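In what follows, a structure is listed as structure tokens, so that the remarks can point back to it.
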Amino acid sequence: MVIIKLTKRQDEILHIVKQNGPITGKEIAEKLSVSRSALRPDLAILTMSGNLDARPRVGYFFNEKYAVRRQAEKFIHQKVANFKAHPIVVEKSTSVYDAIVQLFLEDVGTLFAVDSEGLLAGVVSRKDLLRAALGTRNLQELPVTVIMTRMPNIITVFPEETLFEAAKKMIHYHVDSLPVVKEVDNQENTYLLVGRITKTTITRAYLELMEEKSD
Ligand code: ADP
């Protein structure tokens with residue numbers, strides 16, 4: 001199945017068939033106020049590409065499976081830049097105790113630790129904090145920098161990457177979120193934190209796109 005880019009006219013035809021199918025070529029032509037022969041190339045393209053099914057003497061049907069595939073295709077090409085959320089950060093000298101409070105206040109599962117210049121220094125997840133809480137008595141004395149996952153082990157994503165790439169990284173590396181970063185003067189492992197992508201971001205983006213009119 002090949003996903004093709006549709007023209008405005010082809011989009012209109014799909015919409016008509018979706019609302020009215022099964023519908024004959026003649027009826028579609030009437031609705032668009034064009035001749036049957038003018039429509040023929042578009043109907044051929046829509047049928048051959050799988051957007052429409054055609055049955056002799058019955059008419060054209062909308063292909064739901066293809067529509068879902070089109071939506072999914074649309075989804076995977078979305079850029080991280082358009083869906084990233086605001087990152088919830090702590091200064092890397094913050095105590096584990098304060099980080100736990102921050103996690104609850106912000107209602108997130110992961111915090112990003114930054115240095116005084118706002119550069120990404122580490123990732124502190126729920127489990128990191130739980131582990132520290134189990135093994136340490138004085139959480140107010142323990143800085144997150146001791147327990148966080150730090151550079152260069154942080155899996156990051158750039159704003160210009162796609163949601164598909166972000167989703168693959170989260171699944172491959174078994175993490176719930178990714179810091180969205182920008183390079184700083186081409187310095188290795190030095191990144192400015194500009195956002196976050198989580199599994200929830202991906203799920204929400206998917207829902208939004210699926211709920212959009214599949215025209
Ligand atoms: P949770 O602790 O809620 O299971 P994660 O699965 O995201 O959350 O985290 C598991 C481990 O992976 C933690 O030790 C955390 O510090 C680390 N981690 C989380 N996100 C990243 C990331 N983007 N890059 C590298 N390590 C990460």
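When ALA81 is tested against the conditions (1) under 30 Å from SER116 (Cβ atoms); (2) in a loop (DSSP other than H, G, I, E, B), the lone failure is (2). When VAL96 is tested against (1) open to solvent by 50 Å² or more (accessible area, probe 1.4 Å); (2) in the same structural domain as GLY109 (by TED's automatic domain parsing); (3) farther than 29 Å from ARG204 by Cα; (4) β-branched (Val, Ile, Thr), just one condition goes unmet, and that condition is (1). Quick test of your reading of the structure: ALA72 fulfils all but one of (1) of a type in the set (A, V, I, L, M); (2) in a helix (DSSP H, G or I); (3) farther than 30 Å from LYS5 by Cβ. Name the failing condition by number. Unmet condition: (3). The set of residues from the range 150-185 being over 24 Å from ALA72 (Cα atoms) and among the charged types (D, E, K, R) comprises ARG150, LYS182, GLU183, ASP185.
Annotation note: Cβ proximity below 6 Å between a residue of the range 126-141 that is within 12 Å of ILE100 (Cα to Cα) and a residue that is modelled with pLDDT of 95 or more and of a type in the set (Phe, Trp, Tyr) (sequence gap 6+ or interchain) occurs for LEU139/TYR97; GLN140/TYR97. Residues that are among the small types (Gly, Ala, Ser) and within 10 Å of the ligand (Cβ to nearest atom) were ranked within the range 114-148; the one that is nearest to LEU193 (Cα to Cα) is GLY122.
The values are calculated or read from the model by the stated rules, or taken from the named source; none is laboratory data. Since this is a predicted model, take the numbers as computed values, not measurements. We place every Cβ from the backbone using ideal geometry, glycine too, and count neighbours over all the protein chains shown. To get the accessible areas, we keep the full protein, side chains included, count just its heavy atoms, and leave off ligands, DNA and RNA. Shrake-Rupley method; radii C 1.70, N 1.55, O 1.52, S 1.80 Å.
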